[in-house]
Amino acid sequence: MEYSKSQEQIMHRLKTRGPQSVKILSKQLDITTMGVRQHLIDLERKGIVDQTSEEKQTRGRPVHLWKLTQAGHQYFPDSHSQVTLELIDVIRSTLGEESLNKLVDKRNEQLLHQYRDALIAVGDVLQQRIEKLAELRSNEGYMAEVRLIPGGWLLIENHCPICSAAENCQQFCRSELAMFQDLFSEQAKIERIDHLLAGARRCAYKITEERHN
């Protein structure tokens, strides 16, 4: 199924920002509201988007927000999901759950070394290190970004390119959190506040700088 450039921009915006109104999409993408509506109607017909319940506003009429459907989320690929699931099943059935978990941990140890070298290269400034990690994760398909919040930062992963594997083996998620905590162990506290597998539309990590006296 093919989509226009504007439709791909709308889909990307809904993926990275969650449900949006026609007015907001129009403003963000510099497309007329009529144009946005036409694209959304076409995407709805293709099963890619649908409308949420009305959102009440302090003034004026309630508005409908648009969001990606499950098919819309699947437009953003899960890397080699079928092969990965087959490998997980083979390892689990032949070597056992503990060996599978050890292999996942080993994979993340290798990633940890790669990330650590890249972060060392950018220096000691915490925000720059977080932004570098987001860049590395985006290069791997996680659509990562950093947002400044009161008291720290959010590292947001708007997509999970290994979602099917993570659903089949929870060690991927546990190992990922441990890896991030290890990367910033001397500078910051990291906690996962949104989790895709727990029903959130993304994974997000709150990063708070540690103050040392």
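Taking the condition at pLDDT below 90, under 24 Å from GLY199 (Cβ atoms) and not assigned by TED's automatic domain parsing to the domain that holds HIS39, does LEU68 pass?
On the way: at pLDDT below 90: yes; under 24 Å from GLY199 (Cβ atoms): yes; not assigned by TED's automatic domain parsing to the domain that holds HIS39: no.
No; evaluated as a whole, the condition is false for this residue.
Go through CYS160, CYS169, CYS173 for me and flag whichever is over 15 Å from the mean Cα position of the chain (by Cα) and either of a type in the set (Lys, Arg) or more than 18 Å from GLU209 (Cβ to Cβ) (or both). Steps first, answer last, please.
Details: CYS160 fails: over 15 Å from the mean Cα position of the chain (by Cα); CYS173 fails: over 15 Å from the mean Cα position of the chain (by Cα).
Within the list CYS160, CYS169, CYS173, the selection yields CYS169.
Within the range 172-213, track down each residue that is among the charged types (D, E, K, R) and either surrounded by 13 or more Cβ atoms within 10 Å (Cβ to Cβ) or outside any loop (DSSP other than H, G, I, E, B) (or both).
Passing the criteria: ARG174, GLU176, ASP182, LYS189, GLU191, ARG192, ASP194, ARG201, ARG202, LYS206, GLU209.
In the range 11-33, which residues are more than 11 Å from LEU68 (Cα to Cα) and not in a helix (DSSP H, G or I)?
Quick first cut of the range 11-33, residues more than 11 Å from LEU68 (Cα to Cα) only: 21-33.
Scanning the range 11-33 gives SER21, ASP30, ILE31, THR32.
List every residue pair whose Cβ atoms lie under 9 Å apart, where the two residues are 6 or more positions apart in sequence or sit on different chains, the first residue falls within the range 151-168 and is assigned by TED's automatic domain parsing to the domain that holds ASP89, and the second residue, located anywhere, is among the hydroxyl-bearing types (Ser, Thr, Tyr) and part of a strand (DSSP E or B).
That search, which allows pairs on different chains as well, returns GLY151/THR208; GLY152/THR208; TRP153/TYR205; TRP153/THR208; LEU154/TYR205; LEU155/TYR205; ILE156/TYR205; GLU157/TYR205.
Considering only residues that are over 15 Å from GLU176 (Cα atoms) and in a helix (DSSP H, G or I), which ones fall in the range 101-129?
As a first pass, look at the range 101-129 and keep what is over 15 Å from GLU176 (Cα atoms): 117-129.
If the condition is that a residue be over 15 Å from GLU176 (Cα atoms) and in a helix (DSSP H, G or I), then ASP117, ALA118, LEU119, ILE120, ALA121, VAL122, LEU126, GLN127, GLN128, ARG129 are the ones that fit.
From the list GLY60, GLY18, which residue is under 30 Å from PHE172 (Cα atoms), modelled with pLDDT under 90 and outside the structural domain of ARG137 (by TED's automatic domain parsing)?
When all the criteria are applied, what remains is GLY18.
What number of residues within the range 144-159 are within 12 Å of ALA204 (Cβ to Cβ), surrounded by 16 or more Cβ atoms within 10 Å (Cβ to Cβ) and of a type outside the set (Gly, Ala, Ser)?
Result for the range 144-159: 8.
Which is among the charged types (D, E, K, R), in contact with a Lys or Arg (Cβ under 8 Å, 6 or more places away or on another chain) and within 26 Å of ASP117 (Cα to Cα), of GLU210, GLU140?
Values: GLU140 fails: in contact with a Lys or Arg (Cβ under 8 Å, 6 or more places away or on another chain).
Exactly one residue qualifies, and that residue is GLU210.
The values are calculated or read from the model by the stated rules, or taken from the named source; none is laboratory data. Keep in mind that what you see is a predicted model, and the values were worked out from it rather than measured. Cβ sites come from the backbone with ideal geometry, for glycine too, and all protein chains shown count toward neighbours.
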